[in-house]
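Undergrad: My structure is below; once you've seen it, I'll send some questions.
The values are calculated or read from the model by the stated rules, or taken from the named source; none is laboratory data. None of the values given here were measured: they were computed from a predicted structure. Positions of Cβ are generated from backbone atoms using ideal geometry, with glycine treated the same way; all protein chains shown enter the neighbour counts. Surface areas here come from the heavy atoms of the whole protein model, side chains and all, with no ligands, DNA or RNA. Shrake-Rupley method; radii C 1.70, N 1.55, O 1.52, S 1.80 Å.
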Amino acid sequence: MFVLLAGRGAYAEMTIEIVGGGASKHAIAVVPFKDETTRMREALTPIIRSDLELSGVFRMVDGSAIANVPVEPADIRYPLWQAAAAQSIAIGKVEAVAGGQVKISFRLMDVAQKKQLTSGEFTVTPDRGREVAHTIADMIYQAITGQRGIFNTRVVYVVKNGRNYQLQVGLITDVDSNRAQTILRSKEPIISPSWSPDGRYLAYVSFESKKPVVWVQDLATGQRRAVANFKGSNSAPAWSPDGSKLAVVLTTTGNSQIYLVNTLGSAPRRLSYSDAIDTEPTFTPDGSQIYFVSDRTGGPQIYRMAVSGGQAQRVTWQGNYNVSPRVSPDGRTLTFIRREAGRFRVMAQDLTTGDVRALSESGYNERPSFAPNGRMVLYASESGGKSVLYATTLDGSSKVRLAVINGEVQDPSWGPFNNP
């Protein structure tokens, strides 16, 4: 067992592939920024385009055949871009400044109204282009949709290769490019990673002591501590929204039941009382309730109960196998896995109306989790005999595939927004 803060998962290289498309995407042209290829270590605009396409919200307008490469708003020949059906256009430039740094400037213009929607300037070293590109993509996304972008947010997942397990963390936009960090390596299984609300810590289950134990690890320092190492099995950690507690599943009384423990370690407080298997807890965004899986009525179904105690209420009624619940950041939607006709599909249920729709079609999918802005769902799947990561829009109209090379990816979880 080794705890690491850096080091790239060489065998976990991934690729992004768009496998679906929506019918009503925003058409945007991202014009190559002036001098981006000569002054930056990596060109900015290909990264911006890739980010925006990943969101499922944008459609790229190919400007290569348009005789107009604007740098400033006054340079834009709007009739040409209107003829190309562009709704907005991003332009920019890179200039050398003192100290070996560069100044990156960009503007987003509305093509029909010929007005500026947003803009930004960044003075950085030439090797920080990728970071700036993700920030520009976030700004464009927010200007068009009114919601925060997710291109600087992180995901965690487990890569299994033979008997070797790696717990890896990377930007959602960079898991394809071998930039993920391995924060834990083990010959024993690592499962169920869970982000703290502030993104500083990860809780996970490790079998390094030959039994499942819940650990919390500081991503900045690498320091970690066991917070649930009680008699029997300790599993399925889930953070409370205020970051002070973890819901965990313990077998101290025999069958799996849900408990609360302090994140600094404490005696467990039992939440569920049943003769069944209660597992996979997850908090609602306001922290007042917990959704969980129980087989108390036969097959596994999803229930909810107040954190303060009381009777559990069944939430899923269709199908005989519903597991892995996660609640959207606005508390309006529940995503989970349903088994039907031999397939394990990602579902989304409106918690107000009860309406349910499928977000995936292929054979085996697991562990859905919401983007922090609630607009996409990340999940693990399989393709060509390998495990892969998918991100889908909440209406299922657009999907992005992140393929794993020489490894199996398990238990993905989308992290929170990065703190300012």
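Undergrad: Restricting attention to the stretch 345-384, which residues are open to solvent by less than 40 Å² (accessible area, probe 1.4 Å), of a type outside the set (Phe, Trp, Tyr) and within 14 Å of the chain's Cα centre (by Cα)?
TA: Answer for the stretch 345-384, where residues must be open to solvent by less than 40 Å² (accessible area, probe 1.4 Å), of a type outside the set (Phe, Trp, Tyr) and within 14 Å of the chain's Cα centre (by Cα): PRO368, SER369, ALA371, PRO372, ASN373, GLY374, MET376, VAL377, LEU378, ALA380.
Undergrad: Residues in the stretch 295-305: is at least one open to solvent by less than 50 Å² (accessible area, probe 1.4 Å), among the hydrophobic types (A, V, I, L, M, F, W, C) and closer than 22 Å to ALA203 by Cα?
TA: Within the stretch 295-305 (the criterion being open to solvent by less than 50 Å² (accessible area, probe 1.4 Å), among the hydrophobic types (A, V, I, L, M, F, W, C) and closer than 22 Å to ALA203 by Cα), the answer is no, since none of the residues qualifies.
Undergrad: I'd like the residue in the stretch 158-168 that is part of a strand (DSSP E or B) and free of Cβ contacts under 8 Å to residues at least 60 places away in the same chain and, out of all such residues, is nearest to the chain's Cα centre (by Cα).
TA: Step by step, filter the stretch 158-168, then rank; the result is LEU167.
Undergrad: How do the strands (runs of 3 or more DSSP E) wholly within the stretch 345-418 filter down when requiring 1 or more residues that are free of Cβ contacts under 8 Å to residues at least 40 places away in the same chain: which remain?
TA: Output list reads 356-358, 376-383, 386-393.
Undergrad: Just for the stretch 306-333: of the residues that are of a type outside the set (Ser, Thr, Tyr) and within 13 Å of PRO281 (Cα to Cα), which one is least open to solvent (accessible area, probe 1.4 Å)?
TA: Here the residue is PRO325.
Undergrad: In addition: Give the number of residues within the stretch 151-165 that are within 16 Å of SER387 (Cα to Cα), touching a helix residue (DSSP H, G or I) at 6+ places or on another chain (Cβ under 7 Å) and open to solvent by 10 Å² or more (accessible area, probe 1.4 Å).
TA: Looking only at that region, the number is 1.
Undergrad: Can you tell me which residues in the stretch 109-135 are surrounded by 15 or more Cβ atoms within 10 Å (Cβ to Cβ) and within 19 Å of the chain's Cα centre (by Cα)?
TA: ARG130, ALA133, HIS134, THR135 - these are the residues of the stretch 109-135 that are surrounded by 15 or more Cβ atoms within 10 Å (Cβ to Cβ) and within 19 Å of the chain's Cα centre (by Cα).
Undergrad: While we're on this one: Yes or no: ARG130 within 24 Å of ILE104 (Cα to Cα), of a type in the set (Lys, Arg) and in a loop (DSSP other than H, G, I, E, B)?
TA: Against the criterion (within 24 Å of ILE104 (Cα to Cα), of a type in the set (Lys, Arg) and in a loop (DSSP other than H, G, I, E, B)), ARG130 does not qualify.
Undergrad: Quick check on my filter: what residues within the stretch 108-126 are assigned to a loop (DSSP other than H, G, I, E, B) and either more than 15 Å from ALA27 (Cα to Cα) or touching a helix residue (DSSP H, G or I) at 6+ places or on another chain (Cβ under 8 Å) (or both)?
TA: VAL111, ALA112, LYS114, THR125
Residues checked against (1) free of Cβ contacts under 8 Å to residues at least 40 places away in the same chain; (2) open to solvent by less than 10 Å² (accessible area, probe 1.4 Å); (3) farther than 18 Å from ALA133 by Cβ:
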| site | (1), (2), (3) |
| --- | --- |
| ILE47 | no, no, no |
| ASP51 | no, yes, no |
| ALA67 | yes, no, yes |
| TYR78 | yes, no, yes |
| GLN87 | no, no, yes |
| LYS93 | no, no, no |
| GLY100 | yes, no, yes |
| ILE104 | no, yes, no |
| ARG107 | yes, no, no |
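Undergrad: Continuing with the same structure: Return yes or no: is ARG357 outside the structural domain of PHE58 (by the TED database) and farther than 25 Å from GLU53 by Cα?
TA: Against the criterion (outside the structural domain of PHE58 (by the TED database) and farther than 25 Å from GLU53 by Cα), ARG357 does not qualify.
Undergrad: Further, regarding this structure: Counting only residues that are at pLDDT 95 or above and of a type in the set (Ser, Thr, Tyr), which one in the stretch 19-61 is farthest from VAL97 (Cα to Cα)?
TA: THR45
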